[in-house]
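Structure first, then comments.
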Amino acid sequence: MAAILGGGLGGLSTGYYLLKNNANNPNKLKLFLFEATNQCGGWIKSIRTKDYLFEQGPRTIRPKGITGLNTLNMMQDLGLSEHISPIKPDHPAAKNRMIFANNALHLLPSSLKGIFQKNEPFSKPLIYAVFNDLKQPHKELKDDSIYNFVDRRFGREIADYAISPMICGICAGDAKEISVKFLMKTLFEYEQNYGGVMKGLMKSMFKTKIPDDIELTELAKTAKEEKWSVYTIRGGLEIFPITLKTYLQDSNVNLQFNTKVEEIEFVDSSLVKLKQSNGEVISANHVYSTIPAHILSKLVERQHPDLSKNLSDIPFVTVGIVNLYFSTNKPLITPAFGFLIPPLENSPILGVVFDSCCIPDQNGTVLTVMLGGRWFKEKFGENVKKDRLLNIAMKEIKSILKIDEDPAAFNVNILQKCIPQYVVGHYERVDKIRRYISEKNLPISLIGSSYDGVGVNDVIYSAKSQVEQDCTKT
């Protein structure tokens, strides 16, 4: 019997790939999934009405690279192809991304032509950043922060006004702390191996490209051919985990909700006991943990304190989400994906997504304001009320977007410790954790955003990789 901890996207995807890898012997696979809450999907939650859609977590998915194509393959297999709504390169949400700096919104360049022109808030054309990289001396490092790396290679303005807000958008984090080796591994390797990013890029152009070892479905082929920027699901992204849940249930996976595991006891290399909060003990041959590292840390602490410490060292941040719906038919925003705010602006908000531009079938204007992240406690204290976050969001919206109307509907949520932070040394920390598990021969696999990437594609591919790796061993 295999046990999956967590019913978020990581746990559901793990169940999916375990079923796929045991398709020839489905009767031999006994699979349990334990979820502490009463629903699946983790942070993916959609609130749908006839007029608007509020997304509490991710709202779009990138189709690029092997991880993106892999997700599209899963989507088609689950029968979701007809529900996909792509955003193509000519769409305003693909072309128009902004930052708010120096009391104004600035459109970031989205074409080759744009890097040769001077664009505020940059003091000179972005092509000068390329020249900066070419003339910078080589610096040998094991890892560095993304901010230091970009500052060194491309200049302070790029670090402050392009990369720092981008990191706020990706993981609500501080670019001065986030590992370049983990989030921009290829660019960092170009610098370390060739002395610079552009030098590495030019040399890589003449190398034979290794084809992606993945067979593409029709949906993935279409996304590749049409060069989708991002895509979403009509009716809300939550349809994705709900469909996965149905797939698992139809395949006789035992899904147990409101089931909290309080301790994991490893008996030997093929037996583990899961002690539940109600006193019940479940035995399994292998555990797939997709719960956050800080929660898993507490479950293994008694038996493996060193492992527990390393797991707890992976930091997480809290994000405030304020969804706003304005029912007026008059345009309140410029069509765009939205805007991010550089940390040096010292704003209480991280940025705003223009959902009515990104998500289909919206009436009026729908916005999502993101607050806090790495700076949540610093900005709002320990026990901030939702009303305060709503007031702050409305104040910033009125100031930046000049929207004076009151929203017809709103929703405020505080996502406690929702996004892991891949701080400098993350790559080595995760490797150390997995080496400990391997050396101790513990029957547990670690899956999800705590270790392998924060995006939807990363979480799904983490499940696929770990399951296939384990199936290869057996």
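The values are calculated or read from the model by the stated rules, or taken from the named source; none is laboratory data. Just so it is clear, the model here is predicted, and its values are computed rather than measured. Every residue, glycine among them, receives a Cβ derived from its backbone with ideal geometry; neighbour counts consider all protein chains shown. When the accessible area is computed, the model is the full protein with side chains, heavy atoms only, and any ligands, DNA or RNA have been set aside. Shrake-Rupley method; radii C 1.70, N 1.55, O 1.52, S 1.80 Å.
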For this session: For region 242-294, just the Cα atoms, rotate onto the principal axes and tell me the three extents in Å, largest first.
Result: 34, 23, 22
For this session: Could you tell me the convex hull volume per residue, in Å³, taken over the Cα atoms of the chain?
Result: 161 Å³
For this session: Using per-residue counts of other Cβ atoms within 10 Å, averaged over each peptide, order 109-119, 402-412 from highest down.
Result: 402-412, 109-119
Exercise. At what distance in nm do the modelled label points of N285 and L271 sit from each other, each positioned 7 Å from its Cα along Cα→Cβ?
Worked result: 1.4 nm
Seminar exercise, completed: Checked region 1-83 against the a/c 1.5 cut and the a/b vs b/c comparison, axes a ≥ b ≥ c from its Cα gyration tensor; verdict oblate
Problem set entry | For the chain, calculated [θ]222 nm from helices alone, where every DSSP H run of n ≥ 4 adds -39500 (n - 2.57) | -10500 deg cm²/dmol
Exercise. Using only the Cα atoms of region 291-341, what do you get for the radius of gyration and for Dmax, in Å?
Worked result: 20.9, 61
Exercise. Rg and Dmax of region 70-110, Cα atoms, in Å?
Worked result: 16.1, 47
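Given a 1.4 angstrom probe, I'd like the percentage of the accessible area of the chain that is carbon and sulfur, rounded to a whole number. Before the final figure, lay out the partial values.
Details: 10940 of 22310 Å².
With neighbouring chains kept in place, the figure for the chain is 49 percent.
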Seminar exercise, completed: A correct Kirkwood calculation over the Cα atoms of region 164-261 returns a hydrodynamic radius in Å of 18.5 Å
Exercise. Probe 1.4 Å, all protein chains in place: accessible area of E35 in Å², nearest 10?
Worked result: 20 Å²
For this session: Assuming 1.567 mPa s and 4 °C, estimate D for region 131-183 with Stokes-Einstein, Rh taken as the Kirkwood radius over Cα pairs, in µm²/s.
Result: 116 µm²/s
Exercise. Tell me, what ³J(HN,Hα) does each residue in region 37-50 have, in order and in whole Hz, if you take phi through Karplus 6.51 cos²θ - 1.76 cosθ + 1.60 with θ = phi - 60° and put x for Gly and Pro?
Worked result: 9, 9, 8, 9, x, x, 7, 7, 9, 10, 10, 10, 10, 5
Problem set entry | Cα-Cα over 19 Å, subset of K124/K398; K45/K245; K142/K176; K181/K473; K64/K227; K260/K298 | K124/K398; K181/K473
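Measuring with a 1.4 Å probe in the full set of protein chains, what accessible area per residue, in whole Å², belongs to region 1-109? Before the final figure, lay out the partial values.
On the way: 4620 Å² over 109 residues.
About 42 Å² of surface per residue is accessible.
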Exercise. Using every alpha carbon pair in region 231-362, what percent of pairs falls into each 5 Å bin from 0 up to the bin containing the largest distance?
Worked result: 2, 7, 10, 13, 12, 12, 12, 10, 9, 7, 3, 1, 0, 0
For this session: Could you pull out every residue, at least 5 positions away or on a different chain, whose amide H is within less than 5 Å of the one on S445? Hs are placed 1.01 Å off N in the peptide plane, and Pro or chain starts have none.
Result: V287, Y288, S289
For this session: Once you have the Cα-Cα distance between A23 and F206, take 0.36 nm times their residue separation minus that, and quote the gain in nm to one decimal.
Result: 61.8 nm
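Near H106, within a Cβ-to-Cβ distance under 14 Å, what is the net charge of the other residues, with Lys and Arg +1 and Asp and Glu -1?
Working: positive: R97, K118; negative: E120, E157, D160, E345.
For residues surrounding H106, the net value is -2.
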Problem set entry | Gap separating the Cα centres of region 90-136 and region 391-458, nearest whole Å | 27 Å
Exercise. Which whole-number value in Å² is the accessible area per residue of region 315-357, probe 1.4 Å?
Worked result: 32 Å²
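Work out the FRET efficiency for K386 and K142 from their Cβ-Cβ distance, taking R0 = 35 Å, and round it to the nearest 0.05. Provide the component values of the computation, followed by the final result.
Numbers: r = 42 Å, r/R0 = 1.21.
My answer for the efficiency is 0.25.
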Exercise. Sorted by average packing, counted as other Cβ atoms within 10 angstrom per residue and highest first, what order do 136-146, 95-105, 289-299 take?
Worked result: 289-299, 95-105, 136-146
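Note down the magnitude of the dipole of region 1-134 about its Cα centre, charges +1 on Lys and Arg C-beta and -1 on Asp and Glu C-beta and zero elsewhere, to the nearest 20 debye. Provide the component values of the computation, followed by the final result.
Details: 15 positive and 8 negative charges, 25 e Å.
About 120 debye.
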Exercise. Quick one: putting +1 on the C-beta of Lys and Arg, -1 on the C-beta of Asp and Glu, what dipole do you get for the chain around its Cα centre, in Debye to the nearest 20?
Worked result: 680 debye
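What translational D, rounded to a whole number of µm²/s, comes out for region 46-166 from Stokes-Einstein when the hydrodynamic radius is the Kirkwood one over Cα pairs, at 20 °C and 1.002 mPa s? Mind dumping the intermediate values first?
On the way: Rh = 17.9 Å.
D, rounded to a whole number, is 120 µm²/s.
E468 to I214: extension gain in nm, 0.36 nm per residue of separation minus the Cα-Cα distance?
Working: separation 254, 0.36 × 254 = 91.44 nm, distance 1.36 nm.
That works out to 90.1 nm of additional length.
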For this session: Hey, can you grab everything whose amide H is under 5 Å from the amide H of I419? Only 5+ residues off in sequence or another chain; H modelled, so Pro and N-termini drop out.
Result: V317
For this session: Compute the distribution of all C-alpha to C-alpha distances in region 87-129, in bins of 5 Å from 0, and list the percent of pairs in each, rounded to whole numbers.
Result: 5, 22, 25, 24, 16, 6, 1
For this session: Give me D for region 322-474 in µm² s⁻¹, whole number, from Stokes-Einstein with Rh from the Kirkwood sum over alpha-carbon pairs, 25 °C and 0.890 mPa s.
Result: 132 µm²/s
Seminar exercise, completed: Highest mean packing first, using Cβ neighbours within 10 angstrom, the peptides 189-198, 447-456 sort as 447-456, 189-198
Problem set entry | Centroid-to-centroid separation of region 280-306 and region 224-240 [C-alpha atoms, Å] | 34 Å
Problem set entry | Probe 1.4 Å, protein heavy atoms only - accessible area per residue of region 239-282 in square angstrom | 53 Å²
Seminar exercise, completed: Unit-weight point scatterers at every alpha-carbon of region 410-474, Debye formula, q = 0.22 1/Å: log10 I(q)/I(0) is -1.03
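Calculate the FRET efficiency for E189 and Q303 from the Cβ-Cβ distance with a Förster distance of 51 Å, rounded to the nearest 0.05.
Numbers: r = 37 Å, r/R0 = 0.73.
Efficiency at R0 = 51 Å is approximately 0.85.
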